Amino acid sequence: MITLAHITDPHLPLAGVRFGELFSKRVLGWLSWRLNRRHLHRPEALARIVADAQAHDPRVIAVTGDVLNISAAAEYAQGAAWLRRLAGADGLAFVPGNHDFYIDRAATRDGKARLTTAHGGAVPEWPWARAVGNVALIGLDSTHAAPWGESSGAVGAPQLERLAHLLRDCRAKGLCRVVLLHHPPRPGMTKPGKALRDADALEAVVRAAGAELILYGHLHRWRHETLDTASGVAHILSAPSASMRPDAGSAAAGWQMIAIGRRQGRWFFDVPRRALAADGETMRTIETLRLNSERPA
Ligand SMILES: [Fe+2]
Ligand SMILES: [Fe+2]
């Protein structure tokens with residue numbers, strides 16, 4: 001049994017922005033933070049989520065992006081330090097979100113790499129793959145140079161080609177394939193300006209090569225969908241922002257534990273979903289999904 005904790009969209013408090021950094025699309029994100037988002041994404045809520053996830057002692061903590069807000073230089077330092085505190089080098093898996101690559105600059109490309117290698121080491125080729133016991137974690141970078149007013153993403157043909165190869169290779173090795181990315185992986189899961197532009201191509205790769213789990217963020221909601229693939233059913237799961245205060249009208253801060261086991265040639269997933277209660281202190285299990293990789297008859 002391998003246990004993963006899935007935490008997404010922590011949106012750490014925005015501080016230390018240099019004035020010169022705001023002469024760009026960042027000014028919109030900065031205004032949004034000052035006027036609205038800083039009241040919604042609260043460090044005390046995030047601290048409860050992190051403590052609860054760590055108390056469950058998962059083998060790996062997977063973070064599916066949006067650690068930052070506007071990709072300012074100071075945010076990368078804060079974000080990398082937060083990731084290092086979250087889990088040790090072999091217990092952390094990170095993929096970036098649109099807020100971790102808010103604009104395309106040399107500094108944000110370096111910053112994204114800095115988050116990805118928070119514990120040191122070489123910048124991986126995307127998608128990276130890592131085996132943890134009989135589970136293969138496969139991380140995609142879905143960030144791109146999104147235009148003003150968009151939080152869209154794109155994976156791109158080179159990543160898709162490598163993904164198809166990795167999925168087949170990991171299946172041949174008998175591994176459970178867990179794909180991590182920030183954006184919703186299927187077409188039509190959100191509005192176009194927020195969506196993965198090549199979701200149809202990604203879906204085609206997953207259908208053909210198969211995957212067991214896809215974990216994503218971006219929507220700040222609990223979701224569970226399935227996709228029929230050549231090798232069975234892929235379960236597609238997301239969780240709310242890990243810092244969302246519970247009384248703001250959106251899904252309260254939460255995270256999900258994914259316990260992965262194998263019995264009689266099938267993969268099983270027990271997924272307790274933990275959320276912050278209205279008191280802002282108590283953590284509770286709001287539901288437990290019991291899933292497997294077999295296609296329904
Ligand atoms: Fe987000
Ligand atoms: Fe996002």
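The values are calculated or read from the model by the stated rules, or taken from the named source; none is laboratory data. Owing to the predicted nature of the structure, the values given are computational and were not obtained by experimental measurement. When we count neighbours, we look across all protein chains shown, and the Cβ atoms used for this are built from the backbone with ideal geometry, even at glycine. To get the accessible areas, we keep the full protein, side chains included, count just its heavy atoms, and leave off ligands, DNA and RNA. Shrake-Rupley method; radii C 1.70, N 1.55, O 1.52, S 1.80 Å.
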Revision key, fill the gap. Measuring from its Cα centre, the chain shows a charge dipole (+1 at each Lys and Arg Cβ, -1 at each Asp and Glu Cβ) which, in debye to the nearest 20, is 60
Study note, to complete from the structure: The answer for the chain, accessible area per residue at 1.4 Å probe in Å², is 41
**Study point:** Efficiency of FRET between residue 277 and residue 191 - r from beta-carbon atoms, R0 22 angstrom, step 0.05
**Key:** 0.10
Exercise for review: Starting from the Cα of residue 168, step 7 Å along the direction of its Cβ; do the same at residue 263; then give the gap between the two resulting points in nm.
Suggested key: 3.3
**Study point:** Cα centroid separation - the range 31-53 against the range 91-110, whole Å
**Key:** 19
Study note, to complete from the structure: So for R0 = 45 Å, FRET eff. of residue 161-residue 290 from the Cβ-Cβ r, to 0.05, ends up at 0.85
Check your understanding: For the pair residue 51 and residue 18, how long in nm is the line joining their label points, each one 7 Å along Cα→Cβ?
Key -> 3.6
Exercise for review: Return the distance in nm (one decimal) between the two label points of a simple spin-label model at residue 77 and residue 200, each offset 7 Å from Cα along Cα→Cβ.
Suggested key: 4.6
Review point. In the chain, what is the count of Lys pairs whose alpha carbons are under 23 Å apart, counting only pairs at least 8 residues apart or on separate chains?
Key: 4
Practice item. Report, to the nearest whole %, how much of the accessible area of the chain belongs to carbon and sulfur atoms, 1.4 Å probe, protein only. Key: 51
Check your understanding: Given the C-alpha centroids of the range 165-212 and the range 67-87, what is the distance between them in whole angstrom?
Key -> 26
